[in-house]
Amino acid sequence: MKNIVILISGRGSNMQAIVQTAQKEQWSAKIAAVISNKPDAAGLAFAHAQGIPTAVVESKKFATREAFDAALQTQIDVFSPDCVVLAGFMRILTPAFVAHYENRLLNIHPSLLPSFVGLHTHRQALDAGVKVHGATVHFVTAELDHGPIIDQATITVFDDDTEESLAQRLLTQEHQMYPRAVHRFVEGQLKIRGNRVLKN
């Protein structure tokens with residue numbers, strides 16, 4: 001049985017969606033741990049209530065990104081992860097950390113990558129005047145919000161949309177797409193070829 005470790009910084013709604021989907025569909029994989037860089041992350045209480053081990057590696061206690069990532073890596077590896085899932089984990093990861101989990105580190109980003117990297121993606125979409133917005137699940141590489149794309153979901157942008165309405169409508173799509181992508185990964189259904197992800 002493969003081990004999934006999920007990293008969060010806040011409420012972890014995508015983490016909750018993955019946990020609930022894994023339980024409902026009885027995956028042949030387990031959520032081995034939920035780890036946060038913030039001790040007050042609301043998602044930790046949810047994970048604990050589900051009987052999932054939790055841990056905190058508090059990022060503000062480390063002087064450098066490198067020191068934090070090294071400590072985080074040590075904590076993650078306690079759970080022998082086959083897959084590390086970023087679910088609202090608000091940290092830019094160092095190249096060494098990313099390399100350690102190469103081809104088994106997944107992220108979800110609230111835009112149709114490669115458009116609108118970084119923060120405030122819904123504002124970026126509205127400012128750009130796009131008619132279609134969305135979210136992307138991808139393998140993580142050292143370049144921020146890049147890496148082979150596993151799946152994407154789209155929503156129409158309406159004339160009266162706001163950042164909040166886009167975020168809320170898109171989250172519904174994220175909660176379906178991310179668990180599906182994680183499940184495909186742990187079932188060995190994804191193959192990376194260059195910058196493309198092929199489904200077996």
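Odds and ends about this structure:
- Cross-link reach list, aspartates and glutamates versus LYS191, counting only Cα pairs under 17 Å and skipping chain neighbours closer than eight places: ASP82, GLU102, ASP151
- Cα-based helix-to-principal-axis angle, 65-77 vs the chain, degrees rounded to 10: 70 degrees
- 22 Å Cα-Cα reach of LYS24 towards lysines, excluding residues that sit fewer than 8 places from it in its own chain: LYS2
- Cβ-based net charge around ARG184, under 10 Å, with every Lys or Arg adding one and every Asp or Glu removing one: 0
- Computed from label points 7 Å out along Cα-Cβ, the spacing between VAL130 and ALA42 is 2.6 nm.
- Ranked LYS191, LYS199, LYS2, criterion: other C-beta atoms within 10 Å, fewest first: LYS199, LYS191, LYS2
- Of the residues VAL130, VAL84, VAL140, the one that moves most in a GNM of the chain with alpha-carbon contacts below 10 Å is VAL130.
- Multiplying the residue separation of THR162 and SER28 by 0.36 nm and removing their Cα-Cα distance gives an extension gain of 44.3 nm.
- Rounded Å value of the spacing that divides the Cα centres of the stretch 54-72 and the stretch 6-34: 22 Å
- Using the Karplus relation 6.51 cos²θ - 1.76 cosθ + 1.60 with θ = phi - 60°, the per-residue 3J(HN,Hα) values for the stretch 130-144 come to 5, 9, 10, 10, x, 9, 9, 9, 8, 6, 8, 10, 5, 7, 4 Hz, with x marking Gly and Pro.
- DSSP-defined antiparallel bridges as percent of all bridges, the chain, nearest 5: 45 percent
- Two-decimal Rg/Rh across the stretch 1-51, once Rg and the Kirkwood Rh are taken from alpha-carbon atoms: 0.96
- Under Karplus coefficients 6.51, -1.76 and 1.60, residue-wise ³J(HN,Hα) of the stretch 15-22 in Hz, glycine/proline x: 4, 4, 5, 5, 4, 5, 5, 4
- Counting only the Cα atoms, the stretch 95-193 fills a convex hull of 96 Å³ per residue.
- Comparing mean-square fluctuations of ALA49, ALA153, ALA135 from a GNM of the chain with C-alpha springs under 10 Å, the top value falls on ALA49.
- Counted by neighbouring Cβ atoms within 10 Å, the residues MET177, MET1, MET90 run from fewest to most as MET1, MET90, MET177.
- Anchor LYS61: lysines whose Cα lies under 28 Å away (excluding residues fewer than 8 positions away in-chain): LYS38
- Neighbour counting of Cβ atoms within 10 Å sorts the residues THR154, THR136, THR94, fewest neighbours leading, into THR154, THR94, THR136.
- Size descriptors for the stretch 2-199 (Cα atoms only): Rg and Dmax, in that order, 16.3, 49 Å.
Read-outs: derived from the displayed coordinates by stated rules, not from any lab. This one's a predicted model, so the numbers in the text were calculated from it and none came from an experiment. With ideal geometry, Cβ positions are generated from the backbone for all residues, glycine too; neighbour counts draw on all protein chains shown.
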